[in-house]
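For reference, the structure discussed in these notes is given below.
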Amino acid sequence: MKLSDRQHMKAIGWWRQGELAPQTGTAALQEALHRVNDSICLIDMGSEAGVGRGGTATIGPIDAAAGHLPLLAYVPPLHPQDLGDPHFRKRFRLRYPYVIGAMANAITSVRMVEASAKAGLLAFFGAAGLPVHQIEDAIDQLQQRLDPLPYGMNLIHSPNEPDLETATVDLYLKTGVRLVSASAYLDLTLPLITYRVTGIRREPDGSIVCPNQVIAKVSRVEVARRFMSPPPEKMLARLQAQGRINAEEAALALKVPMADAVTAEADSGGHTDNQPAISLLPTFLALRDAMSAQHGFTRPLCIGLGGGIATPQSAAAAFSLGAAYILTGSVNQACMEAGTSQTVRQMLAEAGQADVTMAPAADMFEMGVKVQVLKRGTMFPFRAAKLYDLYSRYQSLEELPSKDRAILERDFFRRSLEEEWAHTKAFFQQRDPAQIRRGESDPRHRMALVFRSYLGQSSHWANSGDAERKIDYQIWCGPAMGAFNQWVKGSFLEEMKNRRTVTVALNLLVGAAVATRCSWLRSQRISLPPEVGSFVPLPLDQLEKLLDIDADR
C-alpha cells in the first residue's frame, strides 16, 4: 500500500521485527485483516506501508534504536466471539452474540435450532402458528438432542386466540422450557407474565432468580418500556387471585424486569413497523439506562438489534451502535435447514431489496396489522390487501358484491364461500372452538375467519411447496434478503444449496470483525484501498481454521 498522503500520517510508536519479515502490498494487508485472531501493526517502510508480523510494538514516544520502524497504526485481535456484550453471552451460555429469530410455522425448524446450538449460537424454534401438540413434539426432540445446550421457543402474542397463548405457556411450564422469544406483543398479557414469574425465588445471598428467561422482540418504545419494567401490580394480583402464581412470586416479580433482553426490531420480515435501525437502537439503549436507574435493577438488561442485518457491514454497524447481540431472520429462511420448500428458498435467493412489501397479517387481520412479505413471484400481498379492503367495507359475506364474490371463489379459495366456511370451521374445531361459536353469531367475524383462512393457508402452501398454489405463497421477508444476495453474488453462497445457518452466521460475524478492524485503521488516519475492506464468504471449514475453533474446544 503506497503512502501517498503522508502529511496526515504520524507514527504512534515503533515496531521491531521478530522472526518474520514485514509484508507489503494490498493483499498482505487484506490477509492481515482477515486473521482476526492476530493483531495488526502497520509500519512505515519508506515509500509504502508494511504489515508487521509478530515482532514487538511499542506505543508512544521512545528513542528509536537500530531495526525499529515507525508504527503508523495498531489494531488488536477481534475474535467474533468478542463482539457485542460479554454479559449476554455469559447469561445465555453462548459462544457468539448471535440469535436466529423464530420464524413461524416451524420455518425455524428443529434442525436449524439444533445446528445453531451446537455451534454456540442461540436459535428459537418457530412455534407460532402451530397447534400445541406439534409444539410439544418439537420440545421433546430438542430436549433429547440438545440439553444442556441453550435454545429457546417462540411465544407469540395471540390477541384473537388468547386460549392458545395460555395453552402454549402451560406447555412450556410443564415441559421445563426455560427461554422464550416473546414476539409481536402490543402489550403484556397474563399468560406471558405467568411464564415470566412462575418459580421466581430469592437465593440465600439475597439475589433474585427468574428460572424462566424472556427475550422480547419489539419495535415500539412504549412496548419496550413495558418489557424493561416489572410486571404491573394489577396483573400480578389477578394472577394470584386465579391461583396461577403465589404471593411470594407476585412480590418478587416487582423487583425484576419482564425481559432479560430486548431486541430492537427494525425493518424486518414478518411483523414489523419498518423502523430504521440507526435511530431505534440508540433509543432503546437510552430507555434501558433510564429504566434500570428508575427501578434499581441489579442485573444489566441486554439490548440487541434485528432487522436489516444481512452483510458484514450491517452486523458491524449494529455492534458499533452498542448492540449486545444481533438477530437475523430473512437470511435464515433461505438456508437448507429452514422448514420451508425448495421453491421458496430459490425465490428468496433471487430476491432484491425492493422485492418486498407490506400485507395484512393473518393473526391480527381485524386490527389492520401488517407483515412484510416477498412480492416477487407471488400475488399474495395484493390478494391479501383485497381481502382487507372487502372486510373494511362490508359487514358479512352475504353483503359482498357478486363480482367480488366470484373472484374470491375462483381465484382465492377455489371453492364456494360456503365450502370455505365449512373448511374453516373444521380447522377451528381442533384449534379454538370458541371462534366457531362467535362466527356463527357474528356475520362479520365469520367473514374475518374465512378471509384469515386464505392468509393462514398461504404460508403453509409456501412451506410445503404446493406447485398449484405458488401464485399465492406468503413468504415473510425483509429487505435484508436482497442485501445478502448482493453480498454473496459470485461466491459459493450464491447457490442456494450451500446456504447453511451456521455457515451464514459465522461469515457475517467474521465479516463484521474484519469490517470493524478496517474502521479502527481508518480512525488512525489510514486511507484503505476499497478492496481491502471487502470480505468474501468462506466455506465453513475455512472459517473454523481461521478462527482456530478446534483448538478452543
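The values are calculated or read from the model by the stated rules, or taken from the named source; none is laboratory data. For clarity, every value in this text was computed on a predicted model and none was experimentally measured. Here the Cβ is made from the backbone with ideal geometry for all residues, glycine too, and neighbour counts use every protein chain on show.
The residues of the range 132-163 that are more than 23 Å from the chain's Cα centre (by Cα) and either of a type in the set (S, T, N, Q) or not in a helix (DSSP H, G or I) (or both), listed by number, are Gln144, Asn160, Glu161.
It is to be established whether one or more residues within the range 314-325 are surrounded by fewer than 20 Cβ atoms within 10 Å (Cβ to Cβ) and out of contact with any strand residue (DSSP E or B) (no Cβ under 9 Å at 6 or more places or on another chain). Yes, because at least one residue in the range 314-325 is surrounded by fewer than 20 Cβ atoms within 10 Å (Cβ to Cβ) and out of contact with any strand residue (DSSP E or B) (no Cβ under 9 Å at 6 or more places or on another chain).
Based on this model, can you work out whether Ala338 counts as at pLDDT 95 or above and either in contact with a Pro (Cβ under 9 Å, 6 or more places away or on another chain) or assigned to a helix (DSSP H, G or I) (or both)? Here the answer is no, as Ala338 does not meet what is asked. Looking at Thr194, Thr189, Thr166, just one residue is modelled with pLDDT of 95 or more, under 29 Å from Arg89 (Cβ atoms), more than 21 Å from the chain's Cα centre (by Cα) and not small (Gly, Ala, Ser), and that residue is Thr194.
Being in the same structural domain as Val450 (by TED's automatic domain parsing), at pLDDT 95 or above, surrounded by fewer than 19 Cβ atoms within 10 Å (Cβ to Cβ) and not in a helix (DSSP H, G or I): is that true of Arg414 here?
Working: in the same structural domain as Val450 (by TED's automatic domain parsing): yes; at pLDDT 95 or above: yes; surrounded by fewer than 19 Cβ atoms within 10 Å (Cβ to Cβ): yes; not in a helix (DSSP H, G or I): yes.
Taking the combined requirement at face value, the residue satisfies it.
Quick check, is Leu69 out of contact with any helix residue (DSSP H, G or I) (no Cβ under 9 Å at 6 or more places or on another chain) and of a type outside the set (S, T, N, Q)? Don't jump to the end; show me each part of the working.
On the way: out of contact with any helix residue (DSSP H, G or I) (no Cβ under 9 Å at 6 or more places or on another chain): yes; of a type outside the set (S, T, N, Q): yes.
So Leu69 passes the test.
Among the residues making up the range 372-397, those that are of a type in the set (D, E, K, R) and over 14 Å from Arg444 (Cβ atoms) are Lys375, Arg376, Arg383, Lys386, Asp389. Check the range 99-120 and report whether any residue there is touching a Ser or Thr at 6+ places or on another chain (Cβ under 8 Å), surrounded by fewer than 18 Cβ atoms within 10 Å (Cβ to Cβ) and not in a loop (DSSP other than H, G, I, E, B). Checked the range 99-120: no residue is touching a Ser or Thr at 6+ places or on another chain (Cβ under 8 Å), surrounded by fewer than 18 Cβ atoms within 10 Å (Cβ to Cβ) and not in a loop (DSSP other than H, G, I, E, B). Out of all the residues in the range 145-158, is one or more in contact with a Lys or Arg (Cβ under 7 Å, 6 or more places away or on another chain) and either among the hydrophobic types (A, V, I, L, M, F, W, C) or buried (at least 22 other Cβ atoms within 10 Å of the Cβ) (or both)? Yes; the residues of the range 145-158 include at least one that is in contact with a Lys or Arg (Cβ under 7 Å, 6 or more places away or on another chain) and either among the hydrophobic types (A, V, I, L, M, F, W, C) or buried (at least 22 other Cβ atoms within 10 Å of the Cβ) (or both).
Exactly one residue among Gln313, Gln294, Gln346, Gln353 is closer than 26 Å to Asp260 by Cα and either out of contact with any Lys or Arg (no Cβ under 9 Å at 6 or more places or on another chain) or free of Cβ contacts under 8 Å to residues at least 24 places away in the same chain (or both), and that residue is Gln294.
Is there a residue being among the charged types (D, E, K, R), more than 19 Å from Ala315 (Cα to Cα) and either out of contact with any His (no Cβ under 6 Å at 6 or more places or on another chain) or surrounded by 14 or more Cβ atoms within 10 Å (Cβ to Cβ) (or both) anywhere in the range 25-35?
Taking the range 25-35 and keeping what is among the charged types (D, E, K, R), we get 31, 35.
Then keep just the ones that are more than 19 Å from Ala315 (Cα to Cα); that gives 31.
If we keep only those that are either out of contact with any His (no Cβ under 6 Å at 6 or more places or on another chain) or surrounded by 14 or more Cβ atoms within 10 Å (Cβ to Cβ) (or both) as well, we get 31.
So far as the range 25-35 goes, yes, one or more of its residues are among the charged types (D, E, K, R), more than 19 Å from Ala315 (Cα to Cα) and either out of contact with any His (no Cβ under 6 Å at 6 or more places or on another chain) or surrounded by 14 or more Cβ atoms within 10 Å (Cβ to Cβ) (or both).
Take Ala384 and tell me if it is touching a helix residue (DSSP H, G or I) at 6+ places or on another chain (Cβ under 8 Å), assigned to a helix (DSSP H, G or I) and surrounded by 15 or more Cβ atoms within 10 Å (Cβ to Cβ).
Values: touching a helix residue (DSSP H, G or I) at 6+ places or on another chain (Cβ under 8 Å): yes; assigned to a helix (DSSP H, G or I): yes; surrounded by 15 or more Cβ atoms within 10 Å (Cβ to Cβ): yes.
Taking the combined requirement at face value, the residue satisfies it.
Checked against the criteria, Phe297 counts as in the same structural domain as Met228 (by TED's automatic domain parsing), surrounded by 16 or more Cβ atoms within 10 Å (Cβ to Cβ), of a type in the set (Phe, Trp, Tyr) and over 19 Å from the mean Cα position of the chain (by Cα).
Reported count of residues in the range 484-527, each being surrounded by fewer than 19 Cβ atoms within 10 Å (Cβ to Cβ) and touching a helix residue (DSSP H, G or I) at 6+ places or on another chain (Cβ under 6 Å), is 5. Screening Asp389 on (1) farther than 16 Å from Ala361 by Cα; (2) modelled with pLDDT of 95 or more; (3) surrounded by fewer than 19 Cβ atoms within 10 Å (Cβ to Cβ) shows it passes everything except condition (1).
Give, as residue ranges, the helices (runs of 4 or more DSSP H) completely inside the range 436-553 that count at least 1 residues that are in contact (Cβ under 8 Å) with a residue 12 or more places away in the chain and closer than 30 Å to Glu420 by Cβ.
Details: elements: 443-464, 480-488, 501-522, 540-547, 549-552.
Of the helices (runs of 4 or more DSSP H) lying wholly inside the range 436-553, those with at least 1 residues that are in contact (Cβ under 8 Å) with a residue 12 or more places away in the chain and closer than 30 Å to Glu420 by Cβ span 443-464.
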